[in-house]
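Down below is the structure, laid out as structure tokens.
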Amino acid sequence: MDTQPQRLTLRTAWRSLEAHHARIGTRHLRDWFAEDPERAERMSVEVGPLWLDYSKNRVDDETLRLLEALAEECGLQARIDAMFAGAHINETEDRPAFHVALRAPLDSRLAIDGKRVAPEVHAVLARMSEFAVRVRDGLWTGHTGRRIRNVINIGIGGSDLGPLMAHEALRPYAHPELRVAYVSNVDGRDLASALAGLDPAETLFIVCSKTFTTQETLANAHAAREWCLSALGDRAAVARHFVAVSTHRAGVEGFGIDPGNMFGFWDWVGGRFSLTSAVGLSLMIAIGPERFREMLAGAHAMDEHFRSAPFRNNMPVVMALLGVWYASFFDWPSHCVVPYSFDLRRFPAHLQQLDMESNGKRVDRLGRIIDHGTAPIVWGEAGTNAQHAFFQLLHQGTRPVPCDFIGFARSHARVGRHQDLLTANCFAQAEALAFGRTSGEVAAEGIAERQVPHRTFPGNRPSNMLRAPLLTPDLLGRLVALYEHKVFVQGVIWGINSFDQWGVELGKLLAGRILAEIESGAGIESAHDASTTRLIGRYLDERDSS
Ligand code: F6P
């Protein structure tokens, strides 16, 4: 295991960046663009059909040089190599983070402890493909012999957000006669509304859980099984209506699912990095194995780019370094992602887990308290809706929020002038954020003096612009891998293990304790604070009085 003995904030490049920030931190994008007509051309990177324009960021060539130097001082290339070598880079859980192996071709040499993983990965893919085709073609029937028309993925976190996002994104490729839905929340309304109007004889459930111990998923899976069995009246029906995606064979068997109907993956696939594993089964059923493989190929193309491109031309590295610049040197706590694409509207939610569960940490890999900003709060919404909700704050709020815009030249929907309208709005927002409108410009338009401050836009608000011709499976694979690697690079710079998530454990433990008290009827036994005790008491009173 390599260590990072020197504190990040003591590194030469970090110190240089601090000094550089003090010199240029307030410079305006207007001036940079005015001085350098080549800027837009120079500050862009392309990976196949995906193109990034990062010229509207508050950086100059020196900033980029210093950020690159920081990446080098932090041993980024060695960490990238370690990831692709299947090393145990997830130190606290003592395992590799090897999601890149999920989309590598069959002849790939990627290996863990000298053992190539491609044969196993492709064996699972082949089983998934065979199953997906049978469901799509109506050959996998329900217990009564009826064709499956509804597929419900039951999972949460990485076992839900990735496939749900991708299913929405690739709906134009989906089988027209299959309805694929996602149930995650332990609020019973989620399952109830997904099941409303469905015929159990035509419904297939995919219980998707890496650990097969997640409370919400198991509660929903048990309720779904009851719903199914009470209609079909035969325990044997489980075999035709329930399949599992998991690493935990015993748990799957314990639930009553035939392990022959289980699609496995490995402990070296983190939940939030698992879309390209069997966790994508619901997506594969919807879009078919060929399209799914196109998505894998797109992700693989980005993996190869990430692994081999020089940092300055490396899309995930560039985006990561810009994020470090804002989170750690400007101390801006949030990052907004705005896809100008209805189909990508769940992408920000997927990124929230990917980024915040990976790098939302306060100690470094050596367990030392971190003394600089780390993961931003990631949020966002599809444009143009976002413009009518929170863009006021982005333009005129007191704290700048760096944004990623994502958009496409063509849409799968050929409706009126919509794509031109959508694109014009996307470009306009990035332009307005960067350049704003000065009080002089406002006054020159004859605006009453007292209104001038209200109508002035400070500008100098940075953004990335990601563009591609069309949202295809290949493109989605590239986008997913781009952000996965961006998050990893930021973790390397900040000295964080991006692949564990101990921060979710305490809440789970306490929920288990409180649940036992709520359900036992014996009253509140463990010592809670006064507020929690009162909350539980009031809940019990209200629950039992109706
Ligand atoms: O929220 C914690 C977490 O462990 C995530 O990392 C994971 O994606 C999610 O729960 C679901 O876990 P599982 O797939 O094991 O049900």
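Values quoted throughout were computed directly from the atomic coordinates according to the rules given, and no laboratory measurement underlies them. These numbers were taken from a predicted model, which means no experiment stands behind them. So basically every Cβ, Gly included, is an ideal-geometry build from the backbone, and we count neighbours across all protein chains shown.
Only helices enter this figure: runs of n ≥ 4 DSSP H residues, each worth -39500 (n - 2.57), summed and divided by the residues of the chain, yield -13500 deg cm²/dmol at 222 nm to the nearest 500. Taking amide H atoms as placed 1.01 Å from N in the peptide plane, the amide H of Ile377 lies under 5 Å from those of Ser334, His335, each 5 or more residues away in sequence or on another chain. For the range 263-387, the normalised intensity computed at q = 0.19 Å⁻¹ comes to -1.37 (log10 of I(q)/I(0), Debye sum over alpha carbons, equal scatterers, no solvent).
Compute the separation of the alpha-carbon centres of the range 150-164 and the range 465-533 and state it in Å as a whole number. Rounded to whole Å, the Cα centres lie 15 Å apart.
Rounded to the nearest whole Hz, the Karplus-based 3J(HN,Hα) values (6.51 cos²θ - 1.76 cosθ + 1.60, θ = phi - 60°) of the range 366-380 follow the sequence 8, x, 8, 4, 7, 10, 8, x, 10, 3, x, 6, 9, 8, x, with x at glycine and proline. Once backbone amide H atoms are built at 1.01 Å from N, Asn90 has Arg95, Ala97 as its partners under 5 Å, excluding neighbours fewer than 5 places away on the same chain. Ranking Ile287, Val415, Ala101 by how far each Cα lies toward the positive end of the dipole of the chain (charges on Cβ) leaves Val415 at the top. Rounded, prolate or oblate, given the Cα gyration tensor of the range 95-228, with a/c below 1.5 counting as rounded? Judged from the Cα gyration tensor, the range 95-228 comes out prolate (a/c at least 1.5, a/b above b/c).
Using a simple spin-label model with pseudo-atoms 7 Å out from Cα toward Cβ, Ala409 and Ser16 lie 3.8 nm apart. Note on Thr211 and Ile518: their simple-model spin labels are 1.9 nm apart, each label 7 Å out from Cα toward Cβ.
Under the rule a/c < 1.5 gives rounded, and otherwise a/b versus b/c splits prolate from oblate, where does the range 295-346 land using the Cα gyration tensor? Oblate, because a/c is 1.5 or more while a/b does not exceed b/c. Potential lengthening of the chain between Glu441 and Asn385 amounts to 17.4 nm, from the contour at 0.36 nm per residue minus the alpha-carbon distance.
Cross-link partners of Lys210 among lysines, defined as those whose alpha carbon lies under 27 angstrom from its own and excluding same-chain residues fewer than eight positions apart: Lys115, Lys361, Lys486, Lys508. A viscosity of 1.567 mPa s and a temperature of 4 °C, combined with the Kirkwood radius over Cα pairs in Stokes-Einstein, give a translational diffusion coefficient for the range 449-517 of 74 µm²/s.
Shape class for the range 62-151, computed from the alpha carbon gyration tensor (a ≥ b ≥ c): prolate, with a/c not under 1.5 and a/b above b/c. Compared with the alpha-carbon gap, the fully stretched path from Ser193 to Asp420 is longer by 78.1 nm at 0.36 nm per residue.
Relative to the Cα centre, the charge distribution of the range 400-509, modelled as +1 at Lys and Arg Cβ and -1 at Asp and Glu Cβ, gives a dipole magnitude of about 260 debye. Calculated FRET efficiency, Gln6 to Ala309, Cβ-Cβ distance, R0 = 22 Å: about 0.25 to the nearest 0.05.
Return the percentage of antiparallel bridges among DSSP beta bridges fully within the chain, rounded to the nearest 5 %. Among the beta bridges of the chain, antiparallel pairing accounts for roughly 30 percent.
Close amide-amide hydrogen proximity is noted between Phe242 and Phe205, each under 5 Å apart and 5 or more residues distant or on a separate chain (H modeled in the peptide plane; Pro and chain starts excluded).
Its Cα gyration tensor gives the chain an equivalent ellipsoid; the semi-axes, largest first and in whole Å, are 41, 27, 27. For the chain, the dipole from Cβ point charges (+1 on Lys and Arg, -1 on Asp and Glu) about the Cα centre works out to 600 debye, to the nearest 20. Straightening the chain between Asp36 and Ser334 buys 104.4 nm, computed as 0.36 nm per residue apart minus the Cα-Cα spacing. Separation of the range 402-431 and the range 240-272, taken as the distance between their Cα centroids, equals 40 angstrom.
Note that the range 333-379 shows a convex hull volume over its alpha carbon atoms of 56 Å³ per residue.
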